[in-house]
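I have placed the structure first, in the form of structure tokens, so that the comments after it can refer back to it.
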Amino acid sequence: MLPDVETLLEYPYTRTTGPVLGPFFTALRDGRLLGIRIDGRVYCPPVEYDPETGTSLEPDLVEMGSDGTVKSWTWVTQPTSQHPFDHPFAFALVLLDGAYRPIVHALEVASPDELSTGMRVSVQFHEDRRGAITDFHFVPAGTGTARQVVTGGEPVTVIEQLISLRYREPLQPHRRRFAQGLLDGRFIGQRSPISGKVSIPGRGYDLLERVEVGEEGDLVLADRGSVTAFTVITPIQYYGQKETEPYIRASILLDGGDTPLTGVDVRGLPIDEFRIGLRLQAVWWPAGQRDLGEIDNRSVSLDGIIERWNPTGEPDADPDSFEEFAL
Amino acid sequence: MPRQGHRPVAVVSFAQADNVRRELRRNEVETLMPVFAEVFSNIGITKDDVGFICSGSTDYLAGGPFSFVSALDAIGVWPPRTESHVEMDGAWALYEAWVRLQEGDIDAALVYGFGKSSMSDLSKVLALQLDPYVLAPLWPDPVSVAALQARSLLDAGKATERDFAEVAARSRKAALSNPKAQVAYDRNVAELMGEDYVVSPLRTHTLPPITDGAAAIVLAAGDKAFEWAERPAWITGIDHRVETHSLGARDLTASASTTKAAEVAGVNDGTVEVAELHAPFAPQELIVAAALGLGDDVLVNPSGGALAANPIMSAGLIRIGEAASRIMDGSAGRVVAHATSGPALQQNLVAVLEGV
């Protein structure tokens, strides 16, 4: 039985702050709390557009006091790893004194018994601040420490937030058979009972006729085939990029198949000799060293399965015979 | 003639997948395939009879890019077809298709929504729809946000915890006659009130289930609708409105955007017999019903609503499908469907559907 597929999705979001939120975050970093004034109404956190009319706003920023009143609250008994506290706490709507609408933030109390709508609370700034909404939280009025304003730093023009999500699901039955085949050194495709076309990996259904294809449609394809298309990628340097030199991703139509394997890494072969029609033979990683890590229900990378592709030395396949394949 | 648009457009077919807590054997494409087969065969057409396709989904559910593109495999789009997508509930895909059909050059559209919520932690995924500067970094989970809204409702004197339980009891009981329901039971209010708080003041019965699912609707214009359906559910009004993303700046005890959309769609221009409301949390049904101005005589959520099954990205579209089904099966003449998106009812779509 193959294990569930687990995926970690992370995006390191970087956002510019602009003329309203920039000063707000700069002030937070310094230990001050700002709101924005619109026709006598004060919003904290400041908004860039009037929530009632959508009008774009000139930054008329005002400093808020430390105290406010709870307008609504809830008690989080089991915080997630990303919540502001690792112990039970409250989320609350807090109407800061002088504000028109409340702010949503975290409120730290020892027990939900202390919570009530109407209770007075105060801003508690953290000692280590970076110019983010997480630089403070609320505590019951009178229990916090006095704020210490530290000015003179650079304006906060960018904020960063790392998004981190985990996904888990079992391989679907047809994908499980395909993956097990790879571990066993075989390419398993599926033949459509309608068109007779063979796709790899099988999807569990006919791609055009929307008819399910079960295990009886499985068949083993050759581990050699022809290049039907390729692209030379010149890497640009973005966050997480590991490539530095140009490399090829190719589509390879295995003998006996009707859909090519796409995005195949064929590094090691000289770029200037690579061509459509080239005949290639898969060289498998030794059994026991094969890694299904990049195979899930939605995408397949053979990098952990196939060590490299070697030219077979056969005459090239006729490119005209690939007319049917767009990729 | 419809109140909006110059070309009458109707729902003529609706189908949905089984709503389940965890779909272990099928991916999104495999989940959609039988849904499409059913939505077409209901009215004896094929994929070649629709000129436009629009879907609603979010890649954050699957954790992979462009999942809406691979989902097209479930239709088999060859020869190529005009297709579009919204990163929203399928109800908004239906709105786009309704607009597209107004152009007049095509007569039918396929609309669908899909998503598997079971693969990830929804409490984190849904936190990402919040304001990314001043809210998302605190990771308020959807249950906590709904709880803030529920307590605001209680403190404003607009509802009681017993009202929440009555919504849940009525919805889950109605769901007993919905074969696609995921959570259905006949339990009295007192029993539900005895449950512990999950996130105060929300008890288990006030929360939606976590659901893997999908749904599809075929829209047809003019004569084509009569050709395909005996009783088309004509969309005589449809509108959607959004409120500020600044959660604290909103009055969480009301739904101004629902009220505005209802005015434009003409909800109260006639008698409303049935309303299918997309209120994932029980207290939200009270807010939406009030915002729509529904009277006590309106049959609300005979399907059980989102409390019976809440497939993210299709639960709103299912409300339209369920409401339309009441027209198509002849049991009602004028119905309202509502869909919501965003935290605490931030964005709302309202449609009025009528028989001839």
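Each reported figure results from applying straightforward, stated rules to the coordinates on display, with no laboratory input. Bear in mind that the values here come from a model prediction, so they are computed numbers and not experimental data. Heads up, the Cβs are rebuilt from the backbone with ideal geometry, glycines too, and the neighbour counts pull from every protein chain shown.
Just a few scattered comments:
- Contact order normalised by residue count of segment A:171-325, Cα under 8 Å, 6+ apart, percent: 21 percent
- Among the trypsin sites (Lys or Arg not before Pro) found in segment A:259-327, those both in a DSSP coil and sparsely packed, with 13 or fewer other Cβ atoms within 10 Å of their Cβ, are A:Arg275.
- Ignoring aspartates and glutamates fewer than eight residues from B:Lys158 along the same chain, the ones with Cα atoms less than 18 angstrom from its Cα are B:Glu166, B:Asp251, B:Glu285, B:Asp296.
- Residue-count net charge about A:Gly153 - beta-carbon cut-off 13 Å; Lys, Arg +1, Asp, Glu -1: +1
- Separation of the A:Glu6 and A:Glu243 label points, Cα + 7 Å toward Cβ, nm: 2.8 nm
- At q = 0.14, 0.31, 0.32 Å⁻¹, base-10 log of I(q)/I(0) for segment B:202-252 (Debye sum, equal scatterers on each alpha carbon): -0.80, -1.13, -1.16
- Segment A:111-185: C-alpha gyration tensor shape, a/c 1.5 cut-off, then a/b vs b/c: oblate
- Debye intensity ratio I(q)/I(0), log10, segment A:1-84, q values 0.18, 0.21, 0.24 Å⁻¹ (C-alpha model): -0.98, -1.11, -1.17
- At 1.306 mPa s and 10 °C, Stokes D of chain A from Kirkwood alpha-carbon radius, µm² per second: 63 µm²/s
- Under 5 Å, built H, 5+ apart or other chain: amide partners of B:Asp121: A:Arg166
- In the structure shown, the pairs B:Lys47/B:Lys260; B:Lys180/B:Lys224; B:Lys116/B:Lys173; A:Lys197/B:Lys47; A:Lys71/B:Lys173; A:Lys71/B:Lys180 are assessed against 31 Å; a Cα-Cα span above that value is assigned to B:Lys47/B:Lys260; A:Lys71/B:Lys173; A:Lys71/B:Lys180.
- For segment A:90-248, the share of alpha carbon pairs falling in successive 10 Å distance bins from zero is 8, 18, 17, 13, 10, 17, 14, 2 percent.
- About its Cα centre, the dipole of segment A:164-207 is roughly 80 debye, where the only charges are +1 on Lys and Arg Cβ and -1 on Asp and Glu Cβ.
- The DSSP beta bridges internal to the protein assembly as shown are antiparallel in roughly 85% of cases.
- Taking 0.36 nm per residue of sequence separation and removing the Cα-Cα distance, the A:Asp316/A:Ser195 pair yields an extension gain of 40.8 nm.
- Theoretical ellipticity at 222 nm over chain B - DSSP helices of four or more residues, -39500 (n - 2.57) apiece, nearest 500: -9500 deg cm²/dmol
- Take each residue of peptide B:23-34, count the partner chain Cβ atoms within 10 Å of its Cβ, and average: the result is 5.
- Charge dipole (debye, nearest 20) of the protein assembly as shown; +1 at Cβ of Lys and Arg, -1 at Cβ of Asp and Glu: 940 debye
- Each residue of segment B:215-225 was assigned a 3J(HN,Hα) from its phi angle through the Karplus expression (A = 6.51, B = -1.76, C = 1.60, θ = phi - 60°), giving 8, 9, 9, 9, 9, 9, 10, x, 4, 4, 5 Hz with x at Gly and Pro.
- Taking all Cα pairs closer than 8 Å and separated by 6 or more residues, the relative contact order of chain B comes to 26 percent.
- Cα long-axis angle, helix B:282-292 against chain B (0 to 90 degrees, to the nearest 10): 60 degrees
- Top positive-direction residue, dipole computed over segment A:171-325 with Cβ charges, set A:Val283, A:Gly204, A:Trp309: A:Gly204
- Normalised per residue, the volume of the convex hull around the Cα set of segment A:171-325 (Å³): 131 Å³
- Prolate is the label for segment A:89-155. Its Cα gyration tensor axes, ordered a ≥ b ≥ c, give a/c of at least 1.5 and a/b above b/c.
- With both residues required to sit in chain B, DSSP beta bridges show an antiparallel share near 70%.
- Cut-off under 5 Å, modelled amide H: who pairs with A:Tyr205 long-range: A:Val213
- Rounded, prolate or oblate (a/c below 1.5 giving rounded, otherwise prolate when a/b exceeds b/c) for segment B:25-114 by Cα gyration tensor: oblate
- Quick note on chain B: its Rg to Rh ratio, both from C-alpha atoms and Rh being the Kirkwood radius, is 0.95.
- Relative to the longest principal axis of the Cα atoms of chain B, the long axis of helix B:28-41 makes an angle of roughly 60 degrees.
- Between the residues B:Phe40, B:Ser55, B:Val11, the greatest Cα displacement towards the positive end of the dipole of segment B:1-107, with unit charges on the Cβ of Lys, Arg, Asp and Glu, is found for B:Val11.
- Histogrammed with a bin width of 20 Å, the alpha carbon distances of the protein assembly as shown distribute as 17, 43, 33, 7, 0 percent, first bin at zero.
- Over segment B:110-257, the hull volume per residue, using the convex hull of the C-alpha atoms, is 172 Å³.
- In segment B:104-237, taking the dipole from charged Cβ atoms about the Cα centre, the farthest positive-side position among B:Ala109, B:Phe226, B:Val134 is held by B:Val134.
- Separation of alpha-carbon centers, segment B:157-193 and segment B:220-263, rounded to whole Å: 25 Å
- Filtered chymotrypsin sites (Phe, Trp or Tyr not before Pro), segment A:68-175: DSSP coil and at most 16 other beta carbons within 10 Å: A:Phe85
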